[in-house]
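To start, the structure under review is shown below, and the notes come after it.
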Ligand code: GUN
Ligand code: ZN
């Protein structure tokens, strides 16, 4: 058993649908008690300390501790090709992405990049991610081994693609089924790891392959489905040509049985009203990836449609590295705010924090385990420094546990941190109550 003393902030309900004051918990001076890697109790320091008089305490008296960030869409093999110049989605894939992903047939190379990738996530305060590997099963083995050795809760899967990609990168409907099944049996629920059946997107799969993906979901009802959906206008047009019998892009996945409560679709920038409604009905989730959508010129995600009361759709935030331009969920939140502004919408600091924590957990159906400091949840958390640069020191006043801020002040300082912050604001990252990164 161990304790952490600091200011704490977490999100316990969805601030898109309820008063923020009902959704946010702010403890100016709290004690978090962790036992066996999970939250045993959190409360005011002076109230709790006598009850836990003998446990060792780590003090972060001038820091703000929040729940670990959850990145709901990212590609580990694209780490080295971040910021590739000049192309939109389909040309970007053929020019940069496919040649890079080819390298991941080499197991040792995949291991090396997995290690760099996971270190980078932790450095940015991201403790859980939903991850595309490459088409090669050994790239999944390498990734999961590295994640397992760090005791991380990670979800990943082998890319399935059997057409419209170079030969060196394609599988077949049958081989992808067999290999995915073996990987699920090997890795799903192994320690904290979970598996996602991962067809790349409709363009690179035949309907046979998508049906096989659906067959896997039926055989393993608690594995995820992770793919891309309606990101780019030309992509949507190509899907209509490739699948003339479908009613639209989402319907291609629906016909294969791929639209479920455990399905996470990256992007959704070009979705129709009917598709939002279908996603809502199916309780499927969207990974909103603003830095990627801006970088590839894909468009502006209609967050207010997903968060409507008529057709509510679960939303998490994704960095989508390497189309996304940063591993930082703070930078991603900043881009999300700017995308909202371009649509004359607002995204508050607490809404953004929700998307990066509890909202991501809900998108992944992991809110019983992750997303805030409720009792029994896994103690993955981030120690934030709200004054990590000289300008942020000027912008954000100092505070400590004996000189607390009001909720309005915390909201304001958190907002500035989301807009200007990056890995420099991450003082430390903890996994199951153990330190995993420190500046
Ligand atoms: N659509 C299909 N593959 C990809 C990919 O690797 N990145 C993005 N952003 N979109 C995709
Ligand atoms: Zn992606």
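Within the range 207-248, the percentage of alpha carbon pairs spaced more than 11 angstrom apart rounds to 71%. With 0.36 nm allotted per residue and the present C-alpha distance subtracted, the residue 190-residue 41 stretch has 51.0 nm of extension available.
Mind checking the alpha-carbon convex hull of the range 291-371 and giving the volume per residue in Å³? Write out the running numbers ahead of the final one.
On the way: hull volume 7.7 nm³, N = 81.
Cα-based convex hull of the range 291-371, divided per residue, equals 96 Å³.
Radius of gyration (Cα atoms) of the range 11-121, expressed as a multiple of 2.2 N^0.38 Å: 1.66.
Each principal axis of the Cα cloud of the range 102-175 was taken in turn, and the coordinate range along them, longest first, works out to 37, 21, 18 Å. For the chain, the longest principal axis of the alpha carbon atoms and the long axis of helix 173-187 meet at an angle near 20°.
Taking the centroid of alpha carbons for each part, the range 63-128 and the range 314-343 are 15 Å apart.
Determine how many Å³ per residue the convex hull of the Cα atoms of the range 143-188 encloses. Taking the convex hull of the Cα positions in the range 143-188, it is 79 Å³ per residue. Relative to its residue count, the range 132-246 spans a Cα convex hull of 102 Å³ per residue. Build a GNM of the chain with springs between Cα atoms under 10 Å apart, and of 211, 230, 398 the one that fluctuates most is 398. Across the range 222-336 the C-alpha pair distances fall into 10 Å bins from zero in the proportions 15, 46, 34, 5, 0 percent. As a rough guide to protection, the peptides 126-132, 344-350 ranked by mean Cβ packing within 10 Å, highest first, stand as 126-132, 344-350.
Rounded to a whole number of µm²/s, how large is the Stokes-Einstein D of the range 351-439 at 37 °C and 0.692 mPa s, given Rh as the Kirkwood radius over C-alpha pairs?
D, rounded to a whole number, is 229 µm²/s.
In the frame of its principal axes, the range 169-209 has Cα extents of 33, 18, 17 Å, reported largest first.
Sorted from greatest to least, the principal axis extents spanned by the alpha carbons of the range 202-289 come out as 33, 26, 21 Å. Taking only Cα atoms, what is the 0 to 90° angle, nearest 10, from helix 273-282's long axis to the longest principal axis of the chain? Long axis of 273-282 versus the principal axis of the chain: about 70 degrees. Distance between the pseudo-spin-label points of residue 57 and residue 247 (7 Å out from Cα toward the beta carbon): 5.9 nm. Counting only alpha carbon atoms, the long axis of helix 233-242 and the longest principal axis of the chain meet at about 40°.
For the range 282-377, the relative contact order is 27 percent, taking Cα pairs closer than 8 Å that sit 6 or more residues apart in sequence and dividing their mean separation by the residue count. Estimated from helical segments only, the mean residue ellipticity of the chain at 222 nm is -10000 deg cm²/dmol, where each DSSP H run of four or more residues counts as -39500 (n - 2.57). Label sites at residue 309 and residue 341, each approximated as a point 7 angstrom past Cα along Cα to Cβ, lie 2.9 nm apart. Annotation: the chain has a Kirkwood hydrodynamic radius of 21.8 angstrom, from the mean reciprocal C-alpha pair distance.
Only the coordinates and a few stated rules stand behind these numbers; no lab work does. The shown structure was predicted, so the numbers you read here are calculated from the model rather than taken from an experiment. Glycine gets a Cβ as well: all are built from the backbone with ideal geometry, and neighbour counts include every protein chain shown.
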